[in-house]
Amino acid sequence: MLLLVGLGNPGPDYAGNRHNIGFMAADEIVRRHGLPAPRSKSRPHGMLTEGWIDSEKVIVLKPLTYMNESGQAVGAAMRYYKVEPADVFVFHDELDLPAGKVRAKFGGGNAGHNGLRSIDAHIGRDYWRIRLGIGHPGDRNRVTSHVLKDFSRLDRQWVDKMVEAVADAIPLLLAGKEADFMTRVALLTHPAKPKRPAPDKAKPETEDGP
């Protein structure tokens with residue numbers, strides 16, 4: 001059994017925030033793979049559903065503990081379902097990736113992300129992180145306002161494309177094919193441009209003179 005966790009802050013005031021792109025990815029995974037609608041659970045404190053993605057039994061969790069305490073819900077879900085850290089996949093916003101880029105990595109640091117820091121404290125670092133690029137504002141003093149600001153209407157074009165690509169490619173990651181997962185996401189979000197036909201190098205025919 002695998003635990004898929006989308007990070008974000010609960011409530012309508014935060015729903016469109018950049019910080020909530022993990023929630024958006026979780027919602028699209030549930031929709032794309034026909035899982036039951038998530039329901040609120042007191043243990044763990046979050047929105048939760050379970051079902052199958054291809055041959056993998058999965059639980060999808062959106063913690064309702066607010067970002068800074070995400071580890072409480074993740075730890076509780078792991079204990080209840082008897083899931084190991086290596087079978088946890090966390091989807092979160094990433095400032096240090098350009099907008100629309102996606103990277104998957106097992107283990108590592110939290111890079112100052114409060115949700116990851118909380119999860120690290122509760123379960124350690126040996127879990128999967130799916131980094132969803134939202135871009136950096138260019139000034140660290142603007143980071144908080146940047147992540148807590150809603151995506152613009154223009155942003156939604158690449159945001160929707162990215163979460164749809166993640167949901168499409170997620171079976172590859174769950175099967176342990178992280179490189180194939182990232183390649184698939186890249187192709188879906190930045191499709192290759194069609195090649196232009198090579199120019200005809202044949203010399204044009206000319207009419208004979210009189």
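The values are calculated or read from the model by the stated rules, or taken from the named source; none is laboratory data. This structure is a prediction, so every number in the text was calculated from the model and none was measured. Virtual Cβ from ideal backbone geometry, glycine too; neighbours counted across all protein chains shown.
Every residue, every condition in (1) among the aromatic types (F, W, Y); (2) crowded, with 20+ Cβ neighbours inside 10 Å; (3) over 23 Å from V185 (Cα atoms), yes or no:
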site	(1), (2), (3)
G22	no, yes, no
L35	no, no, no
S55	no, no, no
Y80	yes, no, yes
V83	no, no, yes
G100	no, yes, no
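Among the residues of segment 102-131, those identified as closer than 17 Å to A186 by Cβ and among the charged types (D, E, K, R) are R103, K105, R131.
Here the condition is being surrounded by 14 or more Cβ atoms within 10 Å (Cβ to Cβ) and on the phi > 0 side of the Ramachandran plot; of G135, G176, G124, it holds for G135 alone. Look at (1) in a strand (DSSP E or B); (2) under 15 Å from the mean Cα position of the chain (by Cα) and you find that I29 fails only one, number (1). Every condition in (1) surrounded by fewer than 19 Cβ atoms within 10 Å (Cβ to Cβ); (2) closer than 23 Å to M182 by Cβ; (3) touching a residue at least 60 places away in the same chain (Cβ under 8 Å) holds for F89 except the one numbered (1). The number of residues in segment 1-11 being under 15 Å from G46 (Cα atoms) and either surrounded by fewer than 24 Cβ atoms within 10 Å (Cβ to Cβ) or not small (G, A, S) (or both) comes to 7.
Condition test on G133, is it among the small types (G, A, S) and out of contact with any Ser or Thr (no Cβ under 9 Å at 6 or more places or on another chain)? Considered against the rule, which asks whether it is among the small types (G, A, S) and out of contact with any Ser or Thr (no Cβ under 9 Å at 6 or more places or on another chain), G133 comes out as yes.
For segment 74-110, filtered to residues that are among the acidic types (D, E) and closer than 29 Å to R142 by Cβ, the residue that is modelled with the lowest pLDDT is D96. Residue count for segment 134-152 satisfying the condition of being without any contact (Cβ under 8 Å) to a residue 40 or more places away in the chain and within 19 Å of the chain's Cα centre (by Cα): 1. The set of residues from segment 74-111 being out of contact with any Phe, Trp or Tyr (no Cβ under 8 Å at 6 or more places or on another chain), assigned to a strand (DSSP E or B) and either of a type in the set (K, R) or farther than 18 Å from V147 by Cβ (or both) comprises just one member, R103. In segment 57-67, what residues are crowded, with 23+ Cβ neighbours inside 10 Å and either out of contact with any Asp or Glu (no Cβ under 9 Å at 6 or more places or on another chain) or modelled with pLDDT under 95 (or both)? Across segment 57-67, the qualifying residues are L61, M67.
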